[in-house]
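Remarks on the structure that follows.
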């Protein structure tokens, strides 16, 4: 995909045919990659291995191995066996490019069985270092617990009645860590001796929460949708009242007050700009026939009218400070509009070569100069389209 100067237009081209860098060896379903994160080396830090200074792929396999692969060659740099007690499936950043969390699927709880719902393993990346592994237990956090995750040093626990509770991971680690474990070192656990991170020993549960830790914060929200960020910290929720679905409350984490109600608050929510879909506004028509009969034609335009331009999703690229707005038009045609996040000005419109079928799953990722579109077909197959932005030097050459 070729990106021009600050002008809009639908022209784009594939500059070069993509070249295959490498192909990972074929593997069985047990060894397939379930999830992955791209990790880039930190600047200005001295790391123990030369490979730590190059981008790598952190990949989680179906048989509970964590692989660190070279992003440039696909070579295996490190491998860690997690556990045989849980089925791990998800990789998420705790702090981007610093610490990551590996999350298991939820266990099916049966009467008189253990109350463990799921397991979380926390690692520091580059160099790859184990911080700890812990269970989320219904006996500790309550029978209504439905999910949990770690983000920005906080253990976020969600409950079935729309309640979200936050706990300090640092406090949990200090109070409930039984033993510090080091990857590759020999350790004894419950009468078994093995190497940490090697099969079949894996990683023991070295953080065992016996009592509910001090509660930092709790809030009720619709569908457990909770986001936190900004400085000072604020959170965004939708009220549990269904009539308020689609509206968002931005509150101070310090006192739970809405931004406009917070006394002495230096924060305000203001509209920077609005991006409007180009839609044909059909008006009700009145026709008088030759016999004098009045015929009224009413148009009721749907929000999701396939014959009208409709916004499907918005992606934000932080380093470029651009918004990618995905919008569909007639006959499944899709357009990506790149907008300046500061002004809302359109930088470029890109028409996708492939169609966008709204009846099936469509996912779009925007990272630096790369846009990836993954679509699901009716036969459950998936297609992946990769667009690369390149600098248009035509005008520069003409000026020379």
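Taking label positions 7 Å along the Cα-Cβ direction at both residue 248 and residue 175, the computed distance is 3.2 nm, reported to one decimal. Please state the shape class of region 82-211: rounded when a/c is under 1.5, otherwise prolate if a/b exceeds b/c and oblate if not, all from the C-alpha gyration tensor. Oblate, because a/c is 1.5 or more while a/b does not exceed b/c. Would you please classify the overall shape of region 45-134 from the alpha carbon gyration tensor, given that a ≥ b ≥ c denote the square roots of the eigenvalues, rounded means a/c under 1.5, and beyond that prolate means a/b larger than b/c while oblate covers the rest? Prolate shape, in that a/c is at least 1.5 and a/b is the bigger ratio.
Any chance you could run the full-extension gain for residue 319 through residue 35? It's 0.36 nm times the residue separation minus the Cα-Cα distance, nm to one decimal. Result: 99.9 nm gained on full extension. Inter-label distance, residue 381 to residue 311: 3.5 nm, where each label sits 7 Å from its Cα along the C-beta direction. From most to least packed by mean Cβ count within 10 Å, the peptides 63-69, 21-27 give 63-69, 21-27. Projected label points at residue 233 and residue 374, each 7 Å from Cα along the beta carbon direction, are separated by 3.1 nanometres.
Rule-based calculations on the coordinates, nothing more; no lab input. This is a predicted model, so every value here is computed, not measured. FYI the Cβ positions are ideal-geometry reconstructions off the backbone, even for glycines, and counts take in every protein chain you see.
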